[in-house]
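Undergrad: Have a look at this one before I ask anything.
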Amino acid sequence: MSIGDRISTRPAWSSDLPALLWRALTSPQFTLVLLLWLSGVIGLSQIIPQPLYSLDEPLMYSQWLASMPQFLWPLVDDLRSLGLFHLRTSAWLRLPLALLLVHALAMCASALPAVWQRTRVRAESSELLEKCTDEAPLALGRLLGLATWCAEAPEQVFSRAMQQLVQDGYTVRSNQRTQVGLAWRWHMGWWALCSIYVGLALLATGLLLHSWLSRTYTLILQPGQATSVPGLTALVLQLEDTHIAGDPLDPPEGVAHVRIAKAASSDEVVTLPLHAGRMIEGMWWTVVNIVPMVEVTARDAHEGRELEMWSFIPTAHAQPRVRLSLLGEGNASFASLPTQNITLRVGRAPDQGAPSCRFMLSFFYGVETTPAWTTTLGDGDEVIFEGVRYQASLSYDVQLRIQQSLWWGVAALGWLAVAVGGVLLALQRPVWLVVRTTKEAEHCRLIIWMDTLTPQALLPERLHSPGVPASVGDSGR
Amino acid sequence: MMAHATLVFTAGGTLAVLIWLIAFGLRMRYVLCPAEASIHLTTIEIFTRIGLLLGIVSWGSYAALTWPQLPWRMALLPPVALAALMVQTSSPRRGSIPLAALCLYGYAVVAYGAALAPLWTGGGAEMLATPPALPLAAAREIATATAAGALLTHGLLLPVRCYLAQPFNDSLVEHLGDGTVRVAWVAVTLALAAAAWRAWSAWGEVARADVVVLFIAWSLLTAASLRQMVTGITMARMLYGLALLALALLLIMLVFIP
C-alpha cells in the first residue's frame with residue numbers, strides 16, 4: 001500500500017522560464033503572499049496620515065508639514081519620495097493589485113478545463129472514463145493518491161469499491177470493461193473555487209481602475225451661493241434650502257435641496273438626504289454632513305445702520321453678514337468689527353445646563369484674549385454690546401461628496417463573487433475521485449486518486465469506504 | 001446613581017465574562033477529551049448559569065438607570081450575548097454540535113467583553129451618539145463579534161489541547177479548527193458587507209476605519225482559508241498566526257472603532 005499526497009499535478013520544476021513563471025503564477029501560495037501584501041499596504045495607509053490633497057502646492061505642503069509630529073520633519077521628504085503619504089494611489093498598492101489580477105486569471109485559466117470537464121461528466125462520462133490513465137488526474141485542490149493490493153479478482157474489488165461509494169453518497173460513473181470509475185460529491189464546489197479567483201480578479205481590476213481613473217470631489221455648499229465642481233465646469237450647484245431634524249446644532253437627520261445648473265440643459269432641483277447616497281448624472285452623490293453655522297449681523301443700536309464685519313478666514317472681505325463656524329476650528333469661528341475695535345467669537349454652549357439649541361457669543365476688546373462679555377443665544381436672538389445690536393441666526397452648510405466613475409461597482413461585483421464562492425465552500429467542500437483496478441501478478445491493485453478541498457484529518461474516513469482497511473488511511477502527509 | 005450603576009455593570013459584567021471564560025475552557029476540554037475525570041458537564045452548566053445571572057442583573061440595572069442615554073453598543077451587544085448563552089444552555093441538543101456550542105461561548109465572551117471595554121478604557125462617551133444607518137452598524141457589530149468569537153475558539157484550541165493529560169480526539173480538533181475558520185470567514189464577510197454598504201451609502205467612500213480593519217481581517221482569513229483548503233492542514237502554525245492576527249483586528253474594531 002502506498003499513499004502519495006501533493007497539492008497539484010502541474011508540470012514539475014523546469015529550467016525554462018515560461019514554465020517556471022507559470023508555476024509561480026498558479027501557485028496557491030502566491031495568493032497568500034499577495035493578500036498579505038495587500039493587507040499590509042492597506043493597514044499602513046490607515047496608520048500613516050494620507051492627505052486628501054496634492055502636496056505639490058507649497059502652501060498646502062507647509063500646512064501639512066506643520067501638522068506632522070516634529071520628530072518626523074527630517075524624514076518627511078524621504079518618506080514622501082517613497083510614496084508613503086499617497087499609498088492608495090502609489091505603486092505599493094497598485095503592484096500587488098496588478099499581480100493579484102494576473103495571478104487570479106492564471107489560476108482560473110489553469111483550473112477551468114478541469115472544472116468544465118467535471119461539470120460535463122454526467123453527459124460525457126464515457127469519454128472521460130476512456131481518457132483516464134494510470135497517471136494522476138489534474139488536481140484543483142489537494143491531491144491524495146492511494147494504492148492498495150488485494151488477493152481478490154479485480155472485477156470484484158472494483159464493483160465493491162464503486163458500490164460503497166454510492167452508499168456513501170457519491171455520484172458515480174464507471175466502466176466495467178476498463179475498470180475505471182469516477183465518483184464525486186458536490187462538484188459545483190469547483191465552480192465556487194473558480195468564483196473566488198474570478199472575484200479576486202474583478203476586485204483587483206475594480207480597485208486598480210478606481211484608484212487610477214476615478215475622481216472624488218468634496219464641496220461645501222452655502223445657502224444661495226453658486227459652487228462649481230472643479231473637474232466638471234459644466235455643472236454648477238446651488239444650495240436652495242436645508243431641513244434638519246433633531247438637535248439643531250448636531251443634526252442627526254436632514255435633507256438638502258440642491259439646484260443643479262447644467263450648461264446643456266435646464267436646471268434641476270434634487271433632494272439629497274443626509275447620509276443617503278444617490279446616483280445622479282452617472283455619479284454617486286452623498287451629503288456627508290450638514291454643518292450648523294451662525295450668521296451674525298451688526299447694526300448701530302441708535303441709528304439702525306448696518307455695520308460691516310470681517311470674518312477671519314483668509315479670503316474674507318468686509319460685509320454686513322458673516323457666517324461663523326460652531327465647530328471651533330480656528331479662525332472660522334471669529335469675526336471683527338473694525339469700527340468698534342471689537343472681535344467676536346461663536347462657540348457651542350457648555351453641555352451642562354444649556355438647552356441643546358443654544359450657542360455662545362463672546363466679545364473681545366482689541367487683541368485681548370479674555371472675553372469682555374459672553375452670552376448665550378438661540379436662533380434669531382438679538383443682543384446689544386457697546387452700542388451695537390447683534391443678531392445671530394442659525395443656517396446650515398452642506399458638505400457634499402461626489403464620486404465620479406463607477407469602477408467601484410466592478411470591485412463590489414468581484415468581492416461579491418468571492419463572497420458567494422467562499423460561502424458555498426464554507427457550507428460544503430467538493431470531492432473528486434478516480435478509482436481504477438488493475439491485475440498485477442496474483443494480486444489486484446486498487447488505485448484511488450482523490451482531489452479535494454476538505455481538511456486532511458477528515459479524509460481517511462472517506463478513503464476507508466471503497467474497501468481499504470482502516471489502518472491504511474491514518475498515514476497522511 | 002449613574003456612577004453606581006456603571007460600577008455595578010463594570011464589576012458584575014467583568015465577573016460574568018471571567019466565569020464564562022472558565023466555563024468556555026472547561027467545555028472545550030470536555031469536548032476534546034470527555035474521559036478527563038475532573039470535568040463534569042454539570043459544573044460547566046452551573047458556571048454558565050451563574051455568569052448568565054450576573055450578566056443579566058448587572059446589564060439590566062445599568063440599562064434601566066441610563067436609558068435612554070445608553071450607548072448604542074452597550075444596548076446592542078450584551079442582550080445578544082446573553083441570548084446566545086441562553087440558547088446554548090436551554091437547547092436540548094446543546095451537546096450534539098460541539099462547534100456551535102463553543103462558538104456561542106466565544107461569541108458571548110467577545111460581545112459582552114466588547115460592550116464592557118469602553119468602561120475600562122474610558123471611551124464610553126464616544127459611543128453615545130446613534131450612528132448613521134444603525135441597522136447596518138448593528139449587523140456589522142453582531143457579525144464581527146461572531147467572527148471574533150469563532151476565532152477565539154480557534155485560538156483556545158491549541159492551549160487547551162496542550163493541557164490535556166489524556167489522549168484526545170485529534171480529528172475533532174481538526175474539525176473544530178476548520179469549522180471555526182469557516183464560521184469566522186462567513187461572519188467577517190457579512191460584517192464587511194454591512195460596513196462597506198453603510199460607509200458607501202452614508203459617506204460616499206469605503207476607506208473608513210471600520211471597513212479597512214474588516215477588509216484586512218477578511219484578507220487574512222481568506223488567505224488562511226484558501227491555504228487550509230489546498231494543504232488540508234487546519235492547525236498549522238501559519239494559519240494559527242493569521243487567525244490570531246485577524247482576531248486582534250476584530251477586537252480593535254469592536255472596542256475602539258464606533
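The values are calculated or read from the model by the stated rules, or taken from the named source; none is laboratory data. In this text the structure is predicted, and so the values were computed from the model without any measurement. Cβ: placed from backbone, ideal geometry, glycine included. Neighbour counts: every protein chain shown.
Undergrad: Among the listed residues A:423, A:434, A:418, which satisfies the condition of being modelled with pLDDT under 90 and out of contact with any Lys or Arg (no Cβ under 8 Å at 6 or more places or on another chain)?
TA: On the way: A:423 fails: modelled with pLDDT under 90; A:418 fails: modelled with pLDDT under 90.
From the options A:423, A:434, A:418, the qualifying one is A:434.
Undergrad: Go through (1) within 7 Å of chain A (Cβ to nearest Cβ); (2) touching a Leu at 6+ places or on another chain (Cβ under 6 Å); (3) of a type in the set (Gly, Ala, Ser) for residue B:232 and report which single condition fails.
TA: Here residue B:232 meets the rest and fails (2).
Undergrad: Here is a further query. Here's a check for you: in the stretch B:240-258, which residue that is closer than 30 Å to residue A:111 by Cα and without any contact (Cβ under 8 Å) to a residue 60 or more places away in the chain is nearest to the other protein chains (Cβ to nearest Cβ)?
TA: Residues of the stretch B:240-258 closer than 30 Å to residue A:111 by Cα: B:240-243, B:246.
Within this subset, residues satisfying the condition of being without any contact (Cβ under 8 Å) to a residue 60 or more places away in the chain are B:241-242.
On the way: B:241: 11, B:242: 8 Å.
It comes out as B:242.
Undergrad: Only one of (1) more than 16 Å from residue A:193 (Cβ to Cβ); (2) outside any helix (DSSP H, G or I) fails for residue A:157. Which number is that?
TA: If we test residue A:157 against (1) more than 16 Å from residue A:193 (Cβ to Cβ); (2) outside any helix (DSSP H, G or I), just (2) comes out false.
Undergrad: Within the stretch A:443-453, does at least one residue satisfy the condition of being out of contact with any Phe, Trp or Tyr (no Cβ under 8 Å at 6 or more places or on another chain) and modelled with pLDDT under 80?
TA: Scanning the stretch A:443-453, I find no residue that is out of contact with any Phe, Trp or Tyr (no Cβ under 8 Å at 6 or more places or on another chain) and modelled with pLDDT under 80, so the answer is no.
Undergrad: For the stretch A:288-333, which positions are in a loop (DSSP other than H, G, I, E, B), hydrophobic (A, V, I, L, M, F, W, C) and at pLDDT 85 or above? Before the answer, list the steps.
TA: Within the stretch A:288-333, the subset in a loop (DSSP other than H, G, I, E, B) is A:301-305, A:308, A:312-318, A:320, A:326-329.
Filter again for hydrophobic (A, V, I, L, M, F, W, C), leaving A:301, A:312-313, A:316, A:318, A:326-327.
Residues satisfying the conditions do not exist here.
Undergrad: Quickly run through the stretch B:44-54 and pick out the residues that are surrounded by 15 or more Cβ atoms within 10 Å (Cβ to Cβ) and more than 13 Å from residue B:88 (Cβ to Cβ).
TA: Those that are surrounded by 15 or more Cβ atoms within 10 Å (Cβ to Cβ) and more than 13 Å from residue B:88 (Cβ to Cβ): B:50, B:54.
Undergrad: Scan A:399, A:391 and give me the residue that is in contact with an Asp or Glu (Cβ under 8 Å, 6 or more places away or on another chain), in a strand (DSSP E or B) and modelled with pLDDT of 85 or more. Spell out the reasoning first.
TA: Values: A:399 fails: in contact with an Asp or Glu (Cβ under 8 Å, 6 or more places away or on another chain).
Within the list A:399, A:391, the selection yields A:391.
Undergrad: Go through the residues of the stretch A:363-372 one by one and say whether even a single one is touching a helix residue (DSSP H, G or I) at 6+ places or on another chain (Cβ under 7 Å), more than 14 Å from residue A:333 (Cα to Cα) and part of a loop (DSSP other than H, G, I, E, B). Let's see the steps before the verdict.
TA: Let us first name the residues in the stretch A:363-372 that are touching a helix residue (DSSP H, G or I) at 6+ places or on another chain (Cβ under 7 Å), namely none.
No - not one qualifying residue is present in the stretch A:363-372.
Undergrad: Just name the residue that is surrounded by the fewest Cβ atoms within 10 Å (Cβ to Cβ) out of those in the stretch A:20-54 that are within 23 Å of residue A:140 (Cβ to Cβ) and β-branched (Val, Ile, Thr).
TA: A:33
Undergrad: All but one of (1) surrounded by 17 or more Cβ atoms within 10 Å (Cβ to Cβ); (2) among the hydrophobic types (A, V, I, L, M, F, W, C); (3) within 28 Å of the chain's Cα centre (by Cα) hold for residue A:112, so report the exception by its number.
TA: The number of the failed condition is (1).
Undergrad: OK, next. Output the helices (runs of 4 or more DSSP H) that fall wholly within the stretch A:32-147 and possess 1 or more residues being more than 26 Å from residue A:448 (Cα to Cα) and without any contact (Cβ under 8 Å) to a residue 12 or more places away in the chain, or say none. Before the answer, list the steps.
TA: Numbers: elements: A:58-66, A:73-81, A:91-119, A:125-131.
It comes to A:58-66, A:73-81, A:91-119.
Undergrad: Now, a different point. Would you mind telling me which numbered condition in (1) of a type in the set (Val, Ile, Thr); (2) more than 7 Å from chain A (Cβ to nearest Cβ); (3) in contact with a strand residue (DSSP E or B) (Cβ under 8 Å, 6 or more places away or on another chain) residue B:213 fails?
TA: Result: residue B:213 passes all but (3).
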